[in-house]
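First the structure, in the form of structure tokens, and then the observations on it.
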Amino acid sequence: MTRSDSDPSASTPASATTGAPIPQAEAVYAALKAQVSARLAAATAGHPPVLVGIHTGGAWVAQRLHRELCPDAPLGFLSSAFHRDDYSARGLRTSGSRGTTQIDFKVDGADILLIDDVLYTGRTVRAALNELFDYGRPRRVDLAVMVDRGGRELPMHASMAGCRIELNAGSSLVLSRVAGHQVPGPAGGAPQAHSSVSATTSAAHGSDESSDRFTFQLEDA
């Protein structure tokens, strides 16, 4: 069966090295956005969920969802670096590449919608939850991810996911953000150049232009 690009499970050709399909990131994001929008609309009066992104890819996704769905609400970011169970081995290299925690709202009693790009073993989410609870005791925490790729090693479940797929353990699904994608140039001129940054190589949020778009790459782990 041929799938259209609007299908959140549509994928590009398989990687030559892993044979795994690569999800179409924009279709996956659209599917996740619809679920988050419904969750925001159904929120109990007085308890709208606050979007909190896990650095780095989850921070990008949370930033875009916030801009497009709830720009007047609080927005937070979490670093999982200091609570990772491999911190003794990775140390500050992880911290330096994963951004910093920014929580500028009251966590006690809040409904939190934790956002990440790819859910795999569950260890990053566990570390992010530990970091979150350093700031208070939320009333509820839900998890929303672009891709749930299976392979769980801890009991973590995403209540919202743009797509759910199975990938080989030897592959890594990497989110990139393309800034300035499809931005026209001056009248009569060529389109403006775009730049891209990978969630595995940058801690900065980067541009929050409304023209930003996501892509996925499949790499060997």
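None of the figures in this text is laboratory data; all of them are computed from the coordinates on show. Note that the structure is predicted; figures quoted are calculated from it, not measured. As a convention, Cβ positions derive from the backbone with ideal geometry for all residues, glycine included, and neighbour counts pool all protein chains shown.
Across the range 111-116, in residue order, what do the Karplus-derived ³J(HN,Hα) couplings come to in whole Hz, using 6.51 cos²θ - 1.76 cosθ + 1.60 with θ = phi - 60° and x for Gly and Pro?
Per residue, the Karplus-derived 3J(HN,Hα) values read 8, 10, 10, 7, 10, 9 Hz.
If you take every residue apart from Ile165 with its C-beta less than 10 Å away from the C-beta of Ile165, what net charge results, scoring Lys and Arg +1 and Asp and Glu -1? If you can, show how the numbers build up before the last one.
Working: positive: Arg149, Arg164; negative: Asp148, Glu166.
Net charge around Ile165: 0.
Classify the range 16-85 as rounded, prolate or oblate, taking a ≥ b ≥ c as the square roots of the eigenvalues of its Cα gyration tensor: rounded when a/c is under 1.5, otherwise prolate if a/b is larger than b/c and oblate if not. Spell out each step's value before the answer.
Working: a/c = 2.51, a/b = 1.38, b/c = 1.82.
Oblate, because a/c is 1.5 or more while a/b does not exceed b/c.
Taking the Cα-to-Cβ direction at Arg139 and at Asp220 and moving 7 Å from each Cα, how far apart do the two end points lie in nm?
5.0 nm
Need one number: nm distance between label points at Glu68 and Thr100, each 7 Å from Cα along Cα→Cβ, rounded to one decimal.
Label at Glu68, label at Thr100, 2.9 nm between them.
Counting only other residues whose beta carbon sits under 15 Å from that of His47, what net charge do I get with K and R as +1, D and E as -1? The partial results should precede the final answer.
Numbers: positive: Arg39, Lys106, Arg137, Arg139, Arg140; negative: Asp108, Asp111, Asp142.
Here the charged neighbours net out to +2.
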